[in-house]
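Heads up, the thing below is written out as structure tokens.
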Amino acid sequence: MTPNPAFAFHPGEYLKDEMEARGITAADLAEGDPVNTLAIEMYVACAEPGCEHRYGIRLGDLAEVIAKGLGTSVQIWLNLESSYLRNIGEAK
């Protein structure tokens, strides 16, 4: 299957949808930790590739916080990020 940037969604969009569906905030997900709350808020707001790096977000660490808060695996979030980057990268 050929990558298609029109169908490449930043993982922050998935996270935003999941948080809305569960009725939780970034602070809930981060268990009140202000640093992780801010990182989650910025990650959800990312609209273009690499913006998380400008904000100093460490994806591995953030994936652990997200996974713990949602009861998922870390690998799911790392895979979403990898897939997203691959799709937009190959489209250039």
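So here's what we get for this one:
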{"read-out": "Residue list for segment 8-24, filter: farther than 15 Å from residue 43 by Cα, small (Gly, Ala, Ser) and in contact (Cβ under 8 Å) with a residue 24 or more places away in the chain", "value": "8"}
{"read-out": "Test: residue in segment 50-68 that is of a type outside the set (A, V, I, L, M), closer than 16 Å to residue 13 by Cβ and modelled with pLDDT of 90 or more", "value": "no"}
{"read-out": "Enumeration of residues in segment 29-46 that are of a type in the set (D, E, K, R) and surrounded by 13 or more Cβ atoms within 10 Å (Cβ to Cβ)", "value": "33, 41"}
{"read-out": "Those residues of segment 25-38 which are over 13 Å from the mean Cα position of the chain (by Cα) and in contact (Cβ under 8 Å) with a residue 40 or more places away in the chain, in sequence order", "value": "28"}
{"read-out": "Filter result for residue 2 (β-branched (Val, Ile, Thr), out of contact with any Lys or Arg (no Cβ under 9 Å at 6 or more places or on another chain) and at pLDDT 90 or above)", "value": "no"}
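The values are calculated or read from the model by the stated rules, or taken from the named source; none is laboratory data. Every value quoted in this text rests on a predicted model; they were computed, and no experiment measured them. Glycine gets a Cβ as well: all are built from the backbone with ideal geometry, and neighbour counts include every protein chain shown.
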